1. Could you check how many residues of the stretch B:67-100 are buried (at least 17 other Cβ atoms within 10 Å of the Cβ) and part of a loop (DSSP other than H, G, I, E, B)?
2. If A:Leu126 passes every condition in (1) over 19 Å from A:Ser40 (Cα atoms); (2) surrounded by fewer than 16 Cβ atoms within 10 Å (Cβ to Cβ) but one, which one does it miss?
3. Looking at A:Arg383, is it under 23 Å from A:Arg174 (Cα atoms) and either surrounded by 19 or more Cβ atoms within 10 Å (Cβ to Cβ) or in the same structural domain as A:Ala341 (by TED's automatic domain parsing) (or both)?
4. Restricting to the stretch B:1-56, give me the number of residues that are touching a Gly at 6+ places or on another chain (Cβ under 6 Å), at positive phi and crowded, with 18+ Cβ neighbours inside 10 Å.
5. Within 20 Å of A:Ile513 (Cβ to Cβ) and either away from every other protein chain (no Cβ under 14 Å) or charged (D, E, K, R) (or both): is that true of A:Val378 in this structure?
6. For the stretch B:125-175, which positions are more than 14 Å from every other protein chain (Cβ to nearest Cβ) and of a type in the set (A, V, I, L, M, F, W, C)?
7. Among the helices (runs of 4 or more DSSP H) confined wholly to the stretch A:461-566, which include 1 or more residues that are more than 21 Å from A:Gly408 (Cβ to Cβ) and touching a strand residue (DSSP E or B) at 6+ places or on another chain (Cβ under 9 Å)?
8. Give the residue, chosen from A:Pro400, A:Pro416, that is within 14 Å of chain B (Cβ to nearest Cβ), farther than 18 Å from A:Arg485 by Cβ, more than 14 Å from the chain's Cα centre (by Cα) and not aliphatic (A, V, I, L, M).
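The values are calculated or read from the model by the stated rules, or taken from the named source; none is laboratory data. Computed from a prediction, not measured in an experiment: that's the story for all the values here. Here the Cβ is made from the backbone with ideal geometry for all residues, glycine too, and neighbour counts use every protein chain on show.
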Amino acid sequence: MKGALALCAALFCALPFAGLPAFYESFLYLLLHAIVLATSWNLLSGYSGYFSFGHGAFFGIGVYTTAALAGRLGWPFLWTLPLAALAAAALGAGLGAVVFRVRALRGELFALLTLAITFVLATVALNTVDGGPGIQVMVDVPKITPTASGFLYLLMLGAAALTLWTAYAMAHSRFGTGLFAIRDDEDVAEVMGVPTYRFKLAAFAISCALAGLAGGIHAIFVSYVTVAETFSIALAVNVVLMSALGGTRHWLGPAVGAVAITVLLYAFTGGEAAVIGRALSGLILIIVIVAMPEGILGQILKRFRRRELPRSARKGSEVSVQITTRALGEPLLVVQGLTKAFKGVQALAGANLEVRRGEILGLVGPNGSGKSTLINLVSGHYRADGGSIRFEGRELAGIPAHRIARAGIARTYQIPRPFPQLTVLQNVALPPMFGQVVMDRAAAAREAWRWLEFTNLGDKANSYPGELNLHQRKFLELARALAARPKLIFLDEVLSGLTPLEMDGALRLIRAIREQGASVVFVEHVMRAVMELADRVVVLTYGRAIAAGMPLDVMRHPEVVSAYLGAAHV
Amino acid sequence: MYEVSNVRVNYGAAAAVSDVNLRIDAGELVVVLGPNGAGKSTLVNAMAGLHAVEAGRLAVDGHDITRSPPHRFCDRGIAIVPEGRRLFANLSVRENLELGSYRAEARRARTESMERVCALFPVLAERLGAPAGALSGGQQQMVAIGRALMARPRFLLLDEPSLGLSPMVVHELFRAIRQVNAEGMAVLLVEQNVAMALELARRAYVLDEGRIAAEGLPSELVGRDDIRRAYLGTK
């Protein structure tokens, strides 16, 4: 594999010395140029799902940085390339620092915003550095190769290699896994410990830097830059099309699409053929996109995904039982006077809750009494309006969700929210990479296997969440929460909808969680589970705790009977 | 009478339901029990036309509807309350309900149906203007059932209506189901709340691994040791 790669590299490097006609060098240059732009676009937009239509703007910044410095001021142009990359990255990071803080700016709003940036920058460039007529960029290219275009080809080859390596390395790292999770469900990713803001910002900066670098090289290649040609929407659209065609979910997908489209466009050049060629390539694109919604590469890889993992990888990591050394029974989580309102509806009105180390606490109450809201506040999904949340003596209110996860709190969602485009195994392997102890991908996968087997989902490891039934999706939620090895775990109606027989198994499972040292808070309406499982029960109505104590006592409490049970349960 | 004969339904490549025979007589209340993954949801979805049937026959009063599109099922008087409610969260309760009466026949009786739903679930009458997404889980389930009733069906299929609801709301729902049935509507109820479901049912089926493992009167099923131990969990 390595040998083949080296041979390929040598072959590509030797091309300019082969004495090919200049057309081929230019064609190969444009091919690489497309690969760099499509692949770099994908680092943010494909990986994290933030579709940008402003890639032309960041490319343009690179073009104009080099054009101004090398063309106007006469700087050595090789030195301007890092600056072109840097300028684009700085702009991307600056934009991201504002945009990524706003929860509402996702999806189409982000796409529109990046589109607008292209127009803004075009106007700025036109009225400042450019001035109107464009910039002539005539520079002396080092005479390493027989022709100047050969040298530019080599530069772009370097840029393409760097871009592809970056794409590969990111896709196979914690960073990439975090971005994939953001693409599928950003809020959940944050709650699982992924520092979403930082990750998006970094991905955006890297993506822009590579586009800027390509822009810098391209300024020399075209030798005369104009605003109209540079800041074009066509570039952004082409890049999106290439990536979508190749497949945005794989690091190599955009490169495949870039090659396909560039070859198609150049296959029909000149005269009558050009018009027919364009129409034909348009038709081919439509057919491919309709028939292969996941892209060429995505479609091919889908066929191979059922490949079983080697048995050795399936072995779960050694079970090291975490026994908490501190005394059982001391307060682990203390919630006081918590309030939260949604559009005037008071979901929590001064709720108090204490969870002791090592206990299983049942949290019950009518639908709409604020149980799920309480979990959402403690896990950082929402911000509280008032009150305090202290975990191991530390205040959590106002802390971002990923730091709360890192502190050792995990949760499940009442309506399961798995990452739909990650396999069951990948879903469960995510939290260990971002938990209290940061694991690498291999260790996280071993950890994930352990919890899949614990929840009896081992044979579903390579399935996608959409293929599971509701009951299995709930247990996937459970496995994913456990894989973070939390000190405190919130279970939001994991047990509802189980048959009595299945309930027996589930109750054993939850007791086993406690044996491993975690404290458990579970929200449940199934009275059997509450009575058999809970050490203590807290009853919530209208956003406030109205009773707390032993299950039997609480369930006989007259207020609880009238507000919740409707009739005495025991 | 709704008749299901020798039906097989696939989920992905595998058969989720195979060789199932089941019937609902007019005005009857039938319960389907069984473990998770047994194929209960797949079966009711197929019975509502939402899932293609691989083999076998679905017929209402002798009319074959096996290969009909979903709206034909509606025309034959079949309505489903799917698992997870599937409401239009941003539309008001009233709009959600009105969307249930889409067919001409049901549209003509819209006002009357609306009154009937509000009488059945008085709490909804107070919240007709609120977006469905702002309701509590129990109220949302009432809207989902109400929406199905707005179609004025003869056969109401309910997929785990009590899932995730507090004991008081579950009582309320079962009371409503009993009332609707008493007024003459046939009901097929998929439930995990075995005790309450059997109390309500006239007949019951137990589905396991896609096949009917047992059927009969609730008292018969509870009387069988093997069934009770394996599926009902009642001691």
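1. 6
2. (2)
3. no
4. Result for the stretch B:1-56: 1.
5. yes
6. Passing the criteria: B:Ala125, B:Leu128, B:Ile145, B:Ala148, B:Leu149, B:Met150, B:Ala151, B:Phe155, B:Leu156, B:Leu157.
7. Result: A:527-533, A:551-556.
8. Numbers: A:Pro400 fails: within 14 Å of chain B (Cβ to nearest Cβ).
On inspection, the qualifying residue turns out to be A:Pro416.
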